[in-house]
Amino acid sequence: MIKTSSSILILSLVIYIFIEHTNRRAHELLQEIEYRGNRLIDETEKRIRQLINDTLFNINNQTTEQINSVIEQGRKHIPLQNPYGATTCTEWFGCHKGYCWSGCAGAFPSITGPEWCYTRKSYEKMTCLEDKDCSGCWRCASSCSV
């Protein structure tokens, strides 16, 4: 009977040690899974933040490019002011209906907005086919538009 009790006690201890080892190993595996999951979440969050920042940067650049493009296109069609049609040069000039124009300041520039005039190099209005045929340094051949 003592032999049987000893055998049962030894067997119980072996089972207990096996269960404890299994529990410890399961706990270690769960901790490893949690660590890897947290690291994966951190890496994923970091990557998502980087993608969001890259996207915002690209959107900002595209918006800036589009705004600059609209401004450049507007320069050809909406002249700004060259004070009083003086001989000072302006970057606001171009070709319109076969004649060169330049920005100028008329009588009511703040009320009517940007004004322009046809330009002359000598005594006649300068003719043109394209914007590059004109110069922003030529004087007004007519009064500023109102």
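Readers should treat all values here as calculations from the given coordinates under stated rules, not as data from a laboratory. Everything numeric here is computed off the predicted structure, so don't read it as measured data. Quick reminder, even Gly has a Cβ in these numbers, built from the backbone with ideal geometry, and neighbours come from all protein chains shown.
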Problem - Cβ-derived FRET efficiency at R0 41 Å, LEU9 paired with ILE41, nearest 0.05 - result: 0.30
Completion exercise
Once both label points are put 7 Å beyond Cα along the C-beta direction, the ASN61-HIS96 separation in nm becomes 3.6
Practice task
Under 19 Å Cα to Cα from LYS132, which aspartates and glutamates show up? Leave out anything in the same chain fewer than 8 places away.
Solution key: GLU72, GLU91, GLU124
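Determine the dipole magnitude for region 1-76: charges of +1 sit on the beta-carbon of Lys and Arg, -1 on that of Asp and Glu, nothing else is charged, the reference point is the Cα centre, and the result goes in debye to the nearest 20.
Values: 10 positive and 10 negative charges, 22 e Å.
Its charge dipole is roughly 100 debye.
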Practice task
Using only the Cα atoms of region 1-76, construct the convex hull and provide its projected area averaged over every direction, in square nanometres to one decimal.
Solution key: 4.9
